[in-house]
Amino acid sequence: SGAELHDAEHGWRDFGPGDVAVLVRTRQQASDIKDVLEARGVPSVIAGAGNVFESEEAHALALWLAAVASPGSDRAARAAAITPIFGWSGDDLGRLEAEDPATEARWSRWLEALSEARTTFIERGFMAALRRCMERFDVSRRVLELERGARRLTNFLHVAELVHAATTTERLRLVGAIRWLEERSADPTLEAEGAELRLEGDEDAVRIVTVHASKGLQYPVVFVPFA
C-alpha cells in the first residue's frame, strides 16, 4: 500500500502484515478471521492456537513410526502412506489393488523406504531416519503445495523435533518413541514446554491473538472486530 511506519531503532520503514494484530475472544473467532484474511490473500497466523500433539501432523508422524516399526505390515504401511504428509490417495491404493505396474513400483519404493528408515533409526537415530525418508519423497516441497501447506509442514517438523529431543534425552528406541508420542497425543498436558503450536511466516503475517494472551500493546496497528 506504500504506507510507512517509524520506529526508534530503524527510522521510517515499510508497513507490512507483521505490524498488524487482530484481537479476538475465542478460537472460533480466530479461525473465522483467518479464513476471511486468507480469502483476500492476506497472510495471517493464529498465536497460541493450541498444542501441536493434537494436530493431524502429529498423528501422521505416529503412523509413520508405526509403519517403520512393522515393516511386514501392509496395513501400517498404507495408513502412513495415505496421510497428507506422504501423499498417497485412495485412488492410488485402488490402482495398487488393480495391480497397476507403475503404482506397484511406487509402492515397492515406499516399503523399501520404511525398511531403510528402521535400519537408520537403529543405527543413527530418529531424526536421521525421518530426514532421509522426507528427502527421498520430496515431502517438504509437496506439502508446501497443499492448502495450509506451511502450517502442515511447520507442525510436522515441530513434532519431529520434540520426538527427536525425547529419543535423545531419554534414550528411547523405536517402540519407546512410538509410546512417547502416543501418550502425548492422547493427553497433550503431559508435554507443555515447547508443545504450543508455532507460527509460520512470523515476520510477514497478521497476528490473530486472543485477548487472554495479549492486550495488543506491542503491535503498531490493532483491530478489535468483536469488541
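What follows is calculated from the coordinates using simple rules that are stated; it is not laboratory data. Predicted, not measured: the structure shown is a model, and the values here were computed from it. Don't worry about glycine lacking a Cβ; one is built from the backbone with ideal geometry, like all the others, and counts go over all protein chains shown.
Rounded to the nearest 20 debye, the dipole magnitude of the chain is 360 debye, with +1 charges on Lys and Arg beta carbons, -1 on Asp and Glu beta carbons, and the Cα centre as origin. Once both labels are positioned 7 Å from their Cα atoms along Cα-to-Cβ, the gap between Glu97 and Glu54 label points is 3.5 nm. Here Asp74 and Arg179 are evaluated by their C-beta separation; at R0 = 25 Å the FRET efficiency comes out at 0.65. Which of (1) 163; (2) 131; (3) 114 is the computed volume of the Cα convex hull per residue in Å³ for the structure on display? Recomputing volume of the Cα convex hull per residue in Å³ here gives the entry labelled (1). Close amide H partners of Val206, meaning residues 5 or more places away or on another chain with modelled amide H under 5 Å apart, are Ser44, Val45.
Express the relative contact order of the chain as a whole percentage, based on alpha carbon pairs under 8 Å and six or more residues apart in sequence. About 42 percent, as a whole number. Once both labels are positioned 7 Å from their Cα atoms along Cα-to-Cβ, the gap between Glu116 and Thr168 label points is 2.4 nm. Look at the dipole of the chain built from charges on Cβ: of Gly41, Trp107, Ala165, the Cα furthest out on the positive end belongs to Ala165.
In the chain the longest region clear of GluC sites (Glu not before Pro) that are loop-assigned by DSSP and have at most 15 other C-beta atoms within 10 Å covers 10-98.
Summed over qualifying helices (DSSP H, 4 residues or more, each -39500 (n - 2.57)) and divided by its residue number, the chain shows a 222 nm mean residue ellipticity of -16500 deg cm²/dmol.
With no solvent and one point on each alpha carbon, what is the Debye value of log10 I(q)/I(0) for the stretch 110-171 at q = 0.18, 0.20 Å⁻¹? Debye curve over Cα of the stretch 110-171, log10 I(q)/I(0) at q = 0.18, 0.20 Å⁻¹: -0.69, -0.82.
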